[in-house]
Structure formats: C-alpha cells, structure tokens
1. What do you reckon, is residue A:81 surrounded by 18 or more Cβ atoms within 10 Å (Cβ to Cβ) and either touching a helix residue (DSSP H, G or I) at 6+ places or on another chain (Cβ under 8 Å) or within 9 Å of chain B (Cβ to nearest Cβ) (or both)?
2. Just to be sure, is residue B:36 in contact with a helix residue (DSSP H, G or I) (Cβ under 9 Å, 6 or more places away or on another chain) and either free of Cβ contacts under 8 Å to residues at least 24 places away in the same chain or closer than 20 Å to residue B:109 by Cα (or both)?
3. Looking at region B:157-184, which of its residues are touching a residue at least 24 places away in the same chain (Cβ under 8 Å), surrounded by fewer than 18 Cβ atoms within 10 Å (Cβ to Cβ) and not in a helix (DSSP H, G or I)?
4. Taking region B:46-62 as the search range and keeping residues that are more than 15 Å from the chain's Cα centre (by Cα) and crowded, with 18+ Cβ neighbours inside 10 Å, which one is modelled with the lowest pLDDT?
5. Filter region B:48-104 for residues that are in a loop (DSSP other than H, G, I, E, B), touching a residue at least 60 places away in the same chain (Cβ under 8 Å) and within 22 Å of residue B:138 (Cβ to Cβ) and give the result.
6. Would you be able to say whether some residue in region B:63-72 is at pLDDT below 90, buried (at least 20 other Cβ atoms within 10 Å of the Cβ) and over 30 Å from residue A:81 (Cα atoms)?
7. Determine if region A:97-105 includes at least one residue that is surrounded by 21 or more Cβ atoms within 10 Å (Cβ to Cβ), in contact with a strand residue (DSSP E or B) (Cβ under 8 Å, 6 or more places away or on another chain) and under 30 Å from residue B:43 (Cα atoms).
C-alpha cells in the first residue's frame with residue numbers, strides 16, 4: 001500500500017522527482033491530451049515493471065539497461081499501434097510523443113530503481129502509484145493550460161464569451177510557467 | 001567465456017520474444033490502421049467537395065488521382081494526395097481542384113507532425129481557407145507581410161517554415177498532376 005501511495009503524492013514523479021519533463025511539458029496543451037498520455041504511461045509502466053520484476057534473477061547485471069529498454073520499447077510500440085487502430089484522433093493529437101515514451105525516464109527509472117530489486121507485488125503497486133501520479137499531474141497541468149489558453153476544459157467552453165484566451169498558456173512557455181507554479185505550490189504544502 | 005555466452009543468450013532471447021510479440025500485435029492492428037487512413041481521406045473528400053457523388057480512383061503512372069463527378073456524372077474536378085517535408089516531419093494533404101486545374105477548391109491536412117499551437121495551425125480554418133478557390137494558373141507564392149493577392153498565401157506568424165512547406169509541396173504536386181493529366 002505504501003508503495004502505491006508514495007507515487008501519488010510524497011514521491012510524485014512530476015512535481016517531486018521532476019522526472020518525465022519532456023512529455024509533461026510538451027503534450028499538456030489540453031486536459032484530454034494529458035489524460036491520454038497518462039494512461040499510455042500507466043500501461044507501459046505496469047507491464048514493464050511486471051516483466052522486469054519477473055525476470056530480474058536471470059538478467060545479467062551488465063546488460064540490464066539494454067534488456068529493460070527493449071522491453072519498454074515493445075510495450076510502447078504496442079500502445080502506439082493500439083491507439084492508431086482504435087483511437088486515430090488521439091493518436092494524431094499526441095503525434096510523435098507516444099513513441100517517445102520509450103525514453104521517458106520515469107519508466108526506466110522505476111524499472112531500474114524499484115522493479116529490478118523488489119518482488120512482483122510491490123513492483124506492481126509502485127508502478128501503478130507512479131503511473132497514476134503521473135497521470136493526475138498531467139491532467140492538472142493540461143487543465144490549467146487549457147482553461148487559460150483556450151477558455152475551455154475537455155473541449156467544453158467554461159469561460160465567459162468575452163474571455164480573451166492567453167495564447168502563451170498553450171505555447172511551450174506556458175508549460176514551464178504552470179509547472180513551476182505547481183512545483184512551488186507542492187513544496188509549500190509539504191513544508 | 002561462460003559469462004559472455006550467458007549475456008548474449010539472455011539478450012538474444014529477450015529480443016526474439018519481444019520481436020514475436022510485436023509481430024503478432026502488428027498483424028492484428030495493421031488492417032484497422034490502413035482502414036483508418038482511407039477513412040480520413042474519404043472524410044476530407046466529403047468536406048472539400050460535398051457535391052462529388054461519384055469518386056473514381058485512377059492510377060496513372062503510379063500516381064493515385066480521384067476523379068470527382070456530380071450526380072449527373074459530369075466531371076467537376078480532381079482530388080489527389082500531396083505530401084512533403086514539413087518542419088518536424090511529413091505533411092500529407094488532400095487537394096481538390098476544378099476539372100481544368102485552374103484553381104484549388106480546398107486542401108485538408110490528413111497527416112502532420114507540426115508543432116502544436118504554431119505549425120499545427122496549417123490544419124486550422126484561417127490558414128486552410130486561404131486555399132479556397134485559389135488560382136493555380138501560376139505558382140502559389142507564400143508571403144509574410146501585406147495582404148495576399150491572387151495566387152498568394154499569407155504565412156502563419158511564427159510558423160513560416162510549415163506554411164512554406166505546404167505551398168512548395170502543393171506547387172510541385174500540381175505541376176506533376178497537370179503533366180500526367182495532359183498526357184492522358
């Protein structure tokens with residue numbers, strides 16, 4: 001249980017460990033993109049941790065990173081093909097960022113730091129905790145940027161009609177601003 | 001020596017298993033992906049030429065051209081795919097022209113990897129609508145300032161590369177399609 005909850009708050013991958021910055025900043029132009037990316041990462045993280053934890057005893061120490069990378073790449077490609085086949089809209093919106101999950105350091109980081117040293121049960125709860133933590137982090141980032149950048153949330157208009165969208169919020173600079181503020185808020189709460 | 005064999009065999013085994021798994025998933029997904037791509041082109045055709053009831057797919061000199069005709073089976077124009085290098089990756093568009101290749105009826109981006117918020121605006125109306133009824137008797141020119149005149153397109157602010165890529169791809173492609181259609 002502790003393995004699960006630490007990823008959600010105390011060791012939050014985005015706001016506390018500052019891992020996986022590339023997807024966090026790049027895809028969160030809308031809340032929906034944030035959730036889709038988060039779900040894809042949960043899937044990859046869960047199955048990679050599962051496999052890595054199962055084969056930890058037979059993988060030679062010298063080639064462990066290569067083996068983990070092959071495993072992660074396999075699951076990422078499966079997600080990519082699945083989205084292209086079933087959800088072409090989401091696949092188009094996320095574009096090249098899905099294949100880039102391969103180099104998302106949260107996944108390799110959790111495989112190396114946790115799944116390869118712990119039993120299956122703890123590894124899976126750790127993966128799910130980190131995955132859901134990443135997911136809500138991206139959803140929050142995406143929501144804030146979408147609300148101020150376009151005046152809507154999940155595609156539904158919520159700001160008054162005369163609201164003038166702050167374009168900077170959906171540009172890369174907005175991503176850094178919102179992330180910085182959220183990290184500051186997290187630090188303040190934890191103090 | 002024993003160690004080398006162990007390392008090599010584990011790595012090979014992992015790669016083989018992953019490869020097989022991917023082959024299976026690819027086999028299951030590929031058909032659906034191809035259907036989705038075709039559907040996207042069909043959708044784009046309906047948007048650009050709603051009056052085209054009959055669409056005939058021609059293959060001339062390895063190029064695919066959609067011959068569009070209305071209810072009375074009169075030829076109203078041609079549709080074809082134009083793709084070229086954009087800022088981050090390939091831009092693939094569907095173009096619909098009149099039957100004499102004198103003007104473009106419209107373009108629709110079917111695939112692109114341009115920057116969200118900047119280059120991705122090539123898919124949005126303000127940019128796309130500039131191509132509606134655009135004369136193509138001369139090459140299209142992409143301009144940065146001023147109001148665009150005949151055969152001119154105003155580039156998206158902050159995404160000149162993407163805008164130029166669209167225009168250049170179109171010019172090249174229209175030339176080629178014109179050659180093919182004149183010959184046949």
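1. The answer is yes for residue A:81.
2. So residue B:36 passes the test.
3. Matches in region B:157-184: B:158, B:184.
4. Restricting to residues being more than 15 Å from the chain's Cα centre (by Cα) and crowded, with 18+ Cβ neighbours inside 10 Å, the top hit is B:52.
5. B:101
6. Checked against the condition, which is being at pLDDT below 90, buried (at least 20 other Cβ atoms within 10 Å of the Cβ) and over 30 Å from residue A:81 (Cα atoms), region B:63-72 yields at least one hit.
7. no
Residue by residue, here is whether (1) within 14 Å of chain B (Cβ to nearest Cβ); (2) surrounded by 15 or more Cβ atoms within 10 Å (Cβ to Cβ); (3) under 19 Å from residue A:14 (Cα atoms) holds:
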| position | (1), (2), (3) |
| --- | --- |
| A:113 | no, no, yes |
| A:135 | no, yes, yes |
| A:149 | yes, yes, no |
| A:158 | no, no, no |
| A:186 | no, yes, yes |
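The values are calculated or read from the model by the stated rules, or taken from the named source; none is laboratory data. Just so you know, these numbers come straight off a predicted model, no measurement behind them. Note that we place each Cβ from the backbone using ideal geometry, even for glycine, and neighbour counts take in every protein chain shown.
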